[in-house]
Amino acid sequence: MELNLTLLANDASEELAGTGNVSQHAWIRAYKQASGLVCAAVGIAGTIGSILLMILICRQRRELRSSIDQLYINIAVTTLVFSVVSCPLHAYTAIVGRSNFLATSRYAGLCQAAGFIYREIIAVDFLIHASIALHRFFIVVVTVNRFPWLRSRVCAGIFVITPWLVAAVVLVFPLFGLGVKYGYTHQFDRCAFTYTSSSSLVYFRFCMIFFTFVALTVNVACYSAILVKLILTRRRQMRIVPRWQARLVSRYQMERERTVTKTAFAMCLVFMVCALPPGIFSLSASVRDLESPLFRALIILFSIGSVTSAWMIILTTPGLRTTFIDCIKRRHPTAETRNHEMVNMTNRTRHIQL
């Protein structure tokens, strides 16, 4: 009798354990599908924002253009590639699961290419914000009048190309199977690094440390120097009474550069808030921890931070915002509109001590 009761108890516990595993699997599956839908929404928002940003920069009036426009276009291109290529594939694999076509050997090459593009875009996102910080440092801190080349398109082009080249050099090794490979990972249900050995995890952590450290160090150093420069300039101007004969065009240009710097700093701050948590978590976590719902949520947070940059540029840049309003009204800016904007900007600069 006791033996029969023991057997019945064991059967009941196994049945409950099986039911618990099924319910847990169903919850994980529902969570992955929800993350896929969020990723699809992020891709749509990023596509609209990046295309709109490029259109507004191209249609922007000549007097409102800035030396940082090429770097803004670089952000738009990066966001567009991430939103059109990476986000749809991640949404598809998360919703469909392991039965998707990218998990088969027939499309292994396509999955490797998608994994490389995904990692390249992540690295470029970090380095682009570092290049923008350097560009702002040269414009605000360094005496541009002595080095007019810093305002040239060639200099801006160097800041545009460098993030892509550096990221490609660091991330090209898995394409040749040197220690780690790109492919479909069942841990994340997406095309990325394949965590098949300890060396792949070491390489993944090295990439996260390298790009995160470079971006964080450059941004902190450059924006700290810019802040010190602005404080010293304000104190110096408080001691010297400005002459009313000061050129309004020069003050208007200084106000524009200050507005651009504030936009770049706010954009960098939002990106770092979204990008640092998954980077820090991945450095202290094991492969099993990288499969957790928490890390998936942090990856989604990073995706949101990546596509937010384009929208922040549109909403916080006065020139682009004015162009956007003109496009909504479906009219070309008139001379009255341009004069009204110049008067408003001039009135603001009279009360600002740079």
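The values are calculated or read from the model by the stated rules, or taken from the named source; none is laboratory data. On a predicted model such as this, the values are computed, not experimentally measured, just so you know. So basically every Cβ, Gly included, is an ideal-geometry build from the backbone, and we count neighbours across all protein chains shown.
Among (1) modelled with pLDDT under 80; (2) surrounded by fewer than 19 Cβ atoms within 10 Å (Cβ to Cβ); (3) part of a helix (DSSP H, G or I), there is one condition Thr323 misses while meeting the rest; what is its number? Among (1) modelled with pLDDT under 80; (2) surrounded by fewer than 19 Cβ atoms within 10 Å (Cβ to Cβ); (3) part of a helix (DSSP H, G or I), Thr323 violates only (2). From Arg98, Arg136, which residue is charged (D, E, K, R), over 19 Å from Ala275 (Cα atoms) and touching an Asp or Glu at 6+ places or on another chain (Cβ under 8 Å)? After applying the criteria, what remains is Arg98. For the stretch 89-99, the tally of residues that are buried (at least 16 other Cβ atoms within 10 Å of the Cβ) and touching a residue at least 24 places away in the same chain (Cβ under 8 Å) stands at 7.
In the stretch 195-229, the residue that is modelled with the lowest pLDDT out of those that are farther than 30 Å from Phe173 by Cβ and surrounded by 15 or more Cβ atoms within 10 Å (Cβ to Cβ) is Lys229.
Residues Gly18, Gly36, Gly43: which one is in contact with a Pro (Cβ under 7 Å, 6 or more places away or on another chain) and either part of a helix (DSSP H, G or I) or at pLDDT 85 or above (or both)? Write out each step before concluding.
Working: Gly18 fails: in contact with a Pro (Cβ under 7 Å, 6 or more places away or on another chain); Gly36 fails: in contact with a Pro (Cβ under 7 Å, 6 or more places away or on another chain).
Result of the check over Gly18, Gly36, Gly43: Gly43.
Given the options Ala246, Ala266, name the one that is surrounded by 12 or more Cβ atoms within 10 Å (Cβ to Cβ) and either in a loop (DSSP other than H, G, I, E, B) or at pLDDT 65 or above (or both).
Numbers: Ala246 fails: surrounded by 12 or more Cβ atoms within 10 Å (Cβ to Cβ).
Within the list Ala246, Ala266, the selection yields Ala266.
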